[in-house]
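The values are calculated or read from the model by the stated rules, or taken from the named source; none is laboratory data. Quantities reported herein were computed from a predicted structural model and do not represent experimental measurements. Here Cβ is always computed from backbone atoms with ideal geometry, including for glycine, and neighbour counts include all displayed protein chains.
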């Protein structure tokens, strides 16, 4: 089985190389014929004007064959780039949808259930408790949204709780 795959890879590489060479040669010949045809067309010489009409399609065929030989590489690049973008968009959409239905979004971007105390991905504390009134506030809040008391003290007493 391994020898069969190796043989197939060698044949594929050889076919790609042939397509690149043939495509380049056909495109170059098409360009040369097109140039000769254009020169004759501009000089109103009817003898070789047909080369323009033969050279342009020949150029395009050569270019298409050459580009087709890179199809697998182009597909791999598009898929690898597209998958990263798709995963990022999916994460953002999931976070937005869950936040809309009442989830709590952590600093790391993970969406947790509304009643979660710690993030399920990074373990950070999602909520803090106001030392003055006992209200539950977001862990990244600097002040209580109920009484306005500062949540972090000067000696960093509550700062350690935020990052647990």
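Worth a mention:
Yes or no, residue by residue, for (1) farther than 30 Å from residue 35 by Cα; (2) touching a residue at least 24 places away in the same chain (Cβ under 8 Å); (3) not assigned by TED's automatic domain parsing to the domain that holds residue 109:
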{"residue": "48", "(1), (2), (3)": "no, no, yes"}
{"residue": "61", "(1), (2), (3)": "no, yes, yes"}
{"residue": "64", "(1), (2), (3)": "no, yes, yes"}
{"residue": "75", "(1), (2), (3)": "yes, no, yes"}
{"residue": "78", "(1), (2), (3)": "yes, no, yes"}
{"residue": "83", "(1), (2), (3)": "yes, no, yes"}
{"residue": "88", "(1), (2), (3)": "yes, no, yes"}
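- Residues that are more than 21 Å from residue 13 (Cβ to Cβ) and not in a helix (DSSP H, G or I), drawn from the stretch 47-91: 47, 48, 49
- Single residue of 11, 72, 76 found to be over 30 Å from residue 137 (Cβ atoms) and in contact with a helix residue (DSSP H, G or I) (Cβ under 9 Å, 6 or more places away or on another chain): 72
- Note on the stretch 23-38: among residues that are touching a residue at least 24 places away in the same chain (Cβ under 8 Å) and exposed (fewer than 15 other Cβ atoms within 10 Å of the Cβ), the one that is nearest to residue 52 (Cα to Cα) is 28.
- Of all positions in the stretch 50-66, none carries a residue that is under 30 Å from residue 26 (Cβ atoms), modelled with pLDDT of 80 or more, out of contact with any strand residue (DSSP E or B) (no Cβ under 6 Å at 6 or more places or on another chain) and exposed (fewer than 11 other Cβ atoms within 10 Å of the Cβ).
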